[in-house]
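In what follows, a single structure is set out as structure tokens and then discussed.
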Amino acid sequence: MFTEKTVFILGAGASQPYGFPTGEELLNLIRSGISGDDSLLRGENSFSDFANGKQKEALKKLKGSLGTVEGSIDGWLAKDDNEDCREVGRWLIARAIALRENRSVLHRNESGWYGDLWQELSGSARNIGEVARNNVAFITFNYDRSLEQTLFEKAKDLWSKAALRSWTEAVEGLHIIHVHGQIGWLSWQSDKTDREEDVHEYGGKCEPGWVPVCSRGIVLPMDASGVDGRYQKAKQHLSEAKVIHFMGFGFNEDNASRLAANVSLQPDVRLSATVRGLQSRCVKQLESSSNWFGRVFSVRDLHVRRYWSEVAVG
């Protein structure tokens, strides 16, 4: 159980063991899904069945442009010249992520870390109510719901006689904040919306016609700072933290600077990060105080599973 305030900042690499793409991989999935096998456009109630003329023109522009784009789809959509493609871009992101949801890989995953996390959160808890007493928060930049779904299922299995509300409160008490939104509410989160269509079961059927509704939960980076106070909540947790772990986070300039802006860290806070796959320039920046947070990081060139066992709880 976490007793001193610990905050985890999660990037795409933290979800990768569960089948989700990194930023560059997501771009490639969308590129092939609209210009190669068209897998993101086909199915019952396909894209052509519900899209209007403007949306079809946006898709045509995306098809013509993504061949030369590097980095992430989010970065391309953030450009002012591509504002007309943002709605369709969100649709494609939502479907690409939703098609990767697979409950069978959430548990007993040798390359994953959620199971070990749950052991740390629940190991000394005498009842389900004590799980939420962990002094912890998770700030995720990912659209997928794999973390909270895994923790919910583990809480349900461990305390099978508890009520739905107890399982839900246990996970909500861990403060998982999606600063850029998520691809719809999970079934056990249905009380967060008045619209039934906003709820999508983890790994549930994902036809193209469902995507425009589910994509409403996605917040593109240039619109994120003022949405629902998510960044404000994240910054509050950071300001209280004694330990901050960045796991699978790519330190994109905009994301890092937005997160660090106007945050007053504790004088003795300890910051560490996975840096596997990062450019040496970024690693050197983290190892000095000339980074976004003005503090020296402890950096480890490890996959998230090894980082968890050797650093986070090592």
Quick one: in region 79-125, which of the residues that are buried (at least 19 other Cβ atoms within 10 Å of the Cβ), modelled with pLDDT under 95 and among the small types (Gly, Ala, Ser) is nearest to GLU25 (Cα to Cα)? ALA96
Which pairs turn up if I take residues in region 27-54 that are closer than 12 Å to GLY67 by Cβ and among the charged types (D, E, K, R) and look for partners that are loosely packed, with under 14 Cβ neighbours inside 10 Å and at pLDDT below 90 with beta carbon separation below 9 Å, at least 6 apart in sequence or on another chain? ARG31/GLY67
Would you please name the residue that is farthest from PRO21 (Cα to Cα), looking only at residues in region 228-266 that are modelled with pLDDT under 95 and acidic (Asp, Glu)? ASP228
Step by step: first the residues of region 274-293, then only those that are in a loop (DSSP other than H, G, I, E, B) and of a type outside the set (Gly, Ala, Ser), then the one that is nearest to ARG258 (Cα to Cα). Which residue is that? TRP292
SER239 versus (1) among the small types (Gly, Ala, Ser); (2) assigned by TED's automatic domain parsing to the domain that holds ILE9; (3) within 18 Å of the chain's Cα centre (by Cα): which is the lone unmet condition? (3)
Name the one entry in VAL263, VAL311 that is in contact with a Leu (Cβ under 9 Å, 6 or more places away or on another chain) and in a loop (DSSP other than H, G, I, E, B). VAL263
So ALA132, is it under 29 Å from SER239 (Cβ atoms), in contact (Cβ under 8 Å) with a residue 24 or more places away in the chain and part of a helix (DSSP H, G or I): yes
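Residue-by-condition table, conditions (1) in contact (Cβ under 8 Å) with a residue 60 or more places away in the chain; (2) not aromatic (Phe, Trp, Tyr):
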residue	(1), (2)
ILE244	yes, yes
GLY250	yes, yes
VAL263	no, yes
LEU271	no, yes
ARG281	no, yes
TRP308	yes, no
How many residues are among the polar types (S, T, N, Q) and in contact with a strand residue (DSSP E or B) (Cβ under 8 Å, 6 or more places away or on another chain) if we restrict to region 225-281? 2
Could you tell me whether any residue of region 37-46 is modelled with pLDDT of 90 or more and of a type in the set (Asp, Glu)? no
Scope region 277-302; condition surrounded by 16 or more Cβ atoms within 10 Å (Cβ to Cβ) and touching a Gly at 6+ places or on another chain (Cβ under 8 Å); matching residues: LEU278
Restricted to region 2-32 and to residues being among the hydrophobic types (A, V, I, L, M, F, W, C) and part of a helix (DSSP H, G or I), the residue surrounded by the most Cβ atoms within 10 Å (Cβ to Cβ) is ALA14
Out of the residues in region 181-227 meeting the condition of being in a helix (DSSP H, G or I) and small (Gly, Ala, Ser), tell me which one is modelled with the highest pLDDT. SER187
Name the residues in region 243-265 that are surrounded by 15 or more Cβ atoms within 10 Å (Cβ to Cβ) and farther than 18 Å from ASP74 by Cβ, would you? VAL243, ILE244, HIS245, PHE246, MET247, ALA260, VAL263, LEU265
Of (1) of a type in the set (Ser, Thr, Tyr); (2) in a helix (DSSP H, G or I); (3) under 30 Å from ASN134 (Cα atoms), SER48 satisfies all except one. Which? (3)
Mind listing whichever residues of region 116-129 are touching a residue at least 12 places away in the same chain (Cβ under 8 Å) and either assigned to a helix (DSSP H, G or I) or of a type outside the set (A, V, I, L, M) (or both)? ASP116, LEU117, TRP118, GLU120, LEU121, SER122, GLY123, SER124, ASN127, ILE128, GLY129
Quick one: in region 58-110, of everything that is under 16 Å from the mean Cα position of the chain (by Cα) and in a loop (DSSP other than H, G, I, E, B), which residue is farthest from TYR202 (Cα to Cα)? SER72
What are the residue pairs meeting all of these: first residue in region 160-180, first residue within 22 Å of GLU240 (Cα to Cα) and in contact (Cβ under 8 Å) with a residue 60 or more places away in the chain, second residue charged (D, E, K, R) and surrounded by fewer than 19 Cβ atoms within 10 Å (Cβ to Cβ), Cβ atoms under 6 Å, and 6 or more apart or on different chains? ILE177/ARG230; ILE177/LYS233; VAL179/ARG230
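The values are calculated or read from the model by the stated rules, or taken from the named source; none is laboratory data. As the structure is a computational prediction, the values presented were derived from the model and not from experiment. Using ideal geometry, Cβ is built from the backbone for each residue, glycine included, and neighbour counts are taken over all protein chains shown.
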